[in-house]
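Structure first, then comments.
The values are calculated or read from the model by the stated rules, or taken from the named source; none is laboratory data. Keep in mind that this is a model prediction, so the values were computed, not measured. Cβ placement follows ideal geometry from the backbone for every residue including glycine, while neighbour counts extend to all protein chains displayed. Accessible surface areas use protein heavy atoms only, side chains included; no ligands, DNA or RNA. Shrake-Rupley method; radii C 1.70, N 1.55, O 1.52, S 1.80 Å.
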Amino acid sequence: MLYFSIMNKVVATAVRFSQLFGKTMRQAPAGADTAAHQLMLRAGMINQLAAGTYTILPFGLHAYQNVERIIREEMAAGGAQEILMPALQPIELWEQSGRKDAFGPTLFQVKDRKDRMLALGPTHEEVVTTLVGQTIQSYRDLPLILYQIQTKFRDEARPRAGLVRVREFAMKDAYSFDQNEAGLEDSYDRMYKAYANIYKRCGVPAIPVDADSGAIGGKASVEWILKSDTGEDEVIKCPSCAYAANAEKASGTVPQRVKEDEKPTEEVATPGKSTIIDVSAFLKIEYSQTLKAVFYSADKQVIFVIIRGDLDVNEIKLKNLLKATELRIANDQEVARAGLVPGYASPIGVSGVKIIADESIKMGSNFVTGANKVGFHIKNVNYPRDFKADAVTDIAKISAGHGCPKCGAKLESFRGVEVGHLFKLGTVYSQKMGAFFLDKDGARVPALMGCYGIGVGRLLAMVVEQNRDEKGIIWPKEVAPFDVHLVALNIEQEPVRQAAEKLLSELQGAGLSVLYDDRSETPGVKFNDADLLGLPIRVTVSPRTLQKSSAELKLRTESQNRLVGLGEALASIKGS
RNA sequence: CGGGGUGUAGCUCAGACUGGCAGAGCGCUUGGUUUGGGACCAAGAAGUCGCAGGUUCAAAUCCUGUCACCCCGACCA
């Protein structure tokens, strides 16, 4: 690792601020709402071309390439080899894996001059598995971990928050191939550790949480999440044990209700009361004393979902249960056509519609449900006495306050941004794309795969988001675009210029990269830009410091500065 | 795809209701005075008011259409 660092530091860059392409801005352009997005724009790191597409400018690119370097070093340490696969991929590959439909409109498709369809790769499982299938023959060729840093294209419905969600972005994607479960475990573990190191070195406290594997398929899946109010994901976490999961995936225990003796059903008039809130208030009962009916359309088929009134449906769980490709709330026409009455629906006596019930309908008794006619509900409904369901299973969305599945403590929830995702894929792709090998017994078997992704730009955005104050960015050492911000005040004065340039070449000679502020700006402008750009060490040379034959050193993380003699400046800087 | 919002100088925005010479701050250029936390004075350059059509003597402003961008939701390896 040290070897690589030295390799990269050999080309110690020095850039003059007056020549740097990309200006700092006092105000961020309108439309940048998140702190990281604003800072990246103000610091001249990025420029937006269109929705979800950005140019990375020089100052940003220095940091970007540092992130890539860290990723490459940790991949190498984890035993992965780098390749580079095409972004342009025959659509047939996507038909072969069945993911053309799974991705749907998110998949960018282009036509070549012969009218052949090509996909702009949103990810590379198809290509890498085909490649490995062509290459490996024997178990002796395994284990194998390949990775690349390649541009991905995804026609996102809504790009947002600068580099956090974009349509064209560089992603490091790694793929492991093993001959058995133990091998997969080992490869997965190596990548897990590599990811932990990457986040640590990038200065972001990402935590691993259980996740749904979504359209990519496979069994186990872990997302690395950064806690952030601007996040798109909701994370459920236990405060007293290690349990953490994406809310899409989270399990847990919902509040119990005391079982009572079952009473006879009774119809009550509830005029105009069609929501759980209204009905509960009207009948003076708790939400958990009611049963909520929700209608979904799963691949065009109407599904009747019944769940206790205080809970919500976890649509990912439901989608997985139904093995549906498309799941959405049914519209009024679909509900009416199925003979159901929105607001007053009940599973009692319903036929011809698939009924999926959450386990919570068994936790409690004498529930209130709709009466399947407008203006009426039924009291004292009990399962299975009064209605049947095609399935009774866990489809409840776990929220803050519910019980931890591991230790029972009250769960907490927070928003977060996904900065990495690990999957144990198994043989899904190797079967479909033909990545087989001969095992020790001479049997032809599919390779066991894992895949591991991390978005470079998104990670960089999160480095900024997690390392800043009201004045600007505070770069972690390893990601910082430059090591040193050299500020010359009153640079028109020849002694100042000479002292600054001398220090500059000393720093460069010592292998440090330097941003040299050689502009004729006032001290205020220079210091504020230094704070905004946030390099780890600021070194100031001015008539005032030269009177004492010194330079001033200040760390971005500290408010104090100190004077050091010009002769010892280099040593002090290196020691900071 | 549903809801909301915004398009005027490089950036942030006013002007629109009530049609009548295209504006301010920041930034930029030139000269001067300044110089340790976003200086000051003076003189300048800079806009197809998103685009198209319509109404009108006259449109940034009113009407119709359209495009782009942002936010919330849906979606999202």
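Between residue A:50 and residue A:253, what is the label-point separation in nm under the 7 Å Cα-to-beta-carbon projection?
5.4 nm
Figure the gain on full extension for residue A:265 and residue A:394 (residue separation times 0.36 nm, minus the Cα-Cα span) and round it to one decimal in nm.
Full-extension gain reported as 43.8 nm.
Apply the Karplus curve 6.51 cos²θ - 1.76 cosθ + 1.60, θ = phi - 60°, to the phi angles in the range A:491-508 and return the couplings in whole Hz, x for Gly and Pro.
5, 5, 6, 4, x, 5, 4, 4, 5, 5, 5, 5, 4, 4, 6, 5, 4, 4
Calculate the length of the line joining the C-alpha centroid of the range A:370-418 to that of the range A:12-67, in whole Å.
47 Å
Going 7 Å from the Cα of residue A:414 toward and past its Cβ, which residues in the range A:460-482 have a backbone nitrogen under 16 Å from where you end up?
The answer is A:462-463, A:465-468, whose backbone nitrogens lie closer than 16 Å to the label point.
Which lysines, on any chain, are close to residue A:100 with Cα under 24 Å apart, when same-chain ones fewer than 8 places away are left out?
A:111, A:114, A:152, A:172, A:219, A:300, A:317, A:319, A:323, A:424, A:432
Could you work out the helix-only [θ] at 222 nm for chain A, with each DSSP H run of four or more residues adding -39,500 (n - 2.57) and the total divided by the number of residues, to the nearest 500 deg cm²/dmol?
Values: 16 runs with 158 residues, N = 576.
After summing the helix terms and dividing by the residues of chain A, the value is -8000 deg cm²/dmol.
Take the alpha-carbon centre of the range A:443-457, take the same for the range A:460-530, and report the distance between them in whole Å.
Comparing the Cα centres of the range A:443-457 and the range A:460-530, I get a distance of 42 Å.
Under the rule a/c < 1.5 gives rounded, and otherwise a/b versus b/c splits prolate from oblate, where does the range A:249-387 land using the Cα gyration tensor?
oblate
Applying 1/(1 + (r/R0)^6) with R0 = 60 Å to the Cβ-Cβ distance of residue A:81 and residue A:520, what FRET efficiency is obtained, to the nearest 0.05?
After rounding to 0.05, the efficiency reads 0.75.
So, in nm, how far is label residue A:229 from label residue A:374 when the simple model puts each one 7 Å beyond its Cα toward the Cβ?
So the two model labels end up 4.4 nm from each other.
Using R₀ = 30 Å, calculate the FRET efficiency as 1/(1 + (r/R₀)^6) where r is the Cβ-Cβ separation of residue A:325 and residue A:220; round to 0.05.
Details: r = 22 Å, r/R0 = 0.74.
So the FRET efficiency works out to roughly 0.85.
Can you give me the convex hull volume of the Cα atoms of chain A, divided per residue and expressed in Å³?
Each residue corresponds to 205 Å³ of Cα convex hull volume.
Given H placed 1.01 Å from N in the peptide plane, which residues other than close sequence neighbours of residue A:378 have an amide H under 5 Å from its amide H?
When sequence neighbours closer than 5 places are left aside, the close amide H contacts are A:268, A:369, A:370, A:371.
Under unit Cβ charges (Lys, Arg +1; Asp, Glu -1), what dipole magnitude, rounded to 20 debye, does chain A have relative to its Cα centre?
Magnitude of the dipole: close to 500 debye.
Specify whether the C-alpha gyration tensor of the range A:266-336 places it in the rounded, prolate or oblate class, a ≥ b ≥ c being the square roots of the eigenvalues: rounded for a/c under 1.5, otherwise prolate if a/b is larger than b/c and oblate if not.
Details: a/c = 3.25, a/b = 1.86, b/c = 1.75.
Prolate is the answer for the range A:266-336, as a/c is 1.5 or above and a/b outweighs b/c.
Give me the percent of DSSP beta bridges within chain A that run antiparallel, rounded to the nearest 5.
80 percent
Calculate what fraction, in whole %, of the accessible area of chain A sits on carbon and sulfur atoms when a 1.4 Å probe is rolled over the protein chains.
Working: 13320 of 26470 Å².
Carbon with sulfur: 50 percent of the solvent-accessible area.
Whole-Hz Karplus ³J(HN,Hα) for the range A:466-471, in order, using 6.51 cos²θ - 1.76 cosθ + 1.60 and θ = phi - 60°, x for Gly and Pro?
Once θ is set to phi - 60°, the couplings for the range A:466-471 become 8, 10, 7, 9, 5, 8 Hz.
Expressed in nm to one decimal, what extension gain is obtained for the pair residue A:498 and residue A:445 from 0.36 nm per residue of sequence separation less their Cα-Cα distance?
12.1 nm
Write down the percent of antiparallel bridges among all DSSP beta bridges whose residues are both part of the range A:281-405, to the nearest 5.
65 percent
Over the alpha carbons of the range A:149-259, what is the largest minus smallest coordinate on each principal axis, giving the biggest first in Å?
Reported extents, whole Å, longest axis first: 57, 40, 30.
Could you report chain A's accessible area per residue, 1.4 Å probe, as an integer in Å²?
Per-residue value: 46 Å².
Under the rule a/c < 1.5 gives rounded, and otherwise a/b versus b/c splits prolate from oblate, where does the range A:443-576 land using the Cα gyration tensor?
prolate
Can you tell me the FRET efficiency between residue A:299 and residue A:88 if r is taken as the Cβ-Cβ distance and R0 is 35 Å, rounded to the nearest 0.05? Can you show the working numbers first?
Numbers: r = 31 Å, r/R0 = 0.88.
Efficiency at R0 = 35 Å is approximately 0.70.
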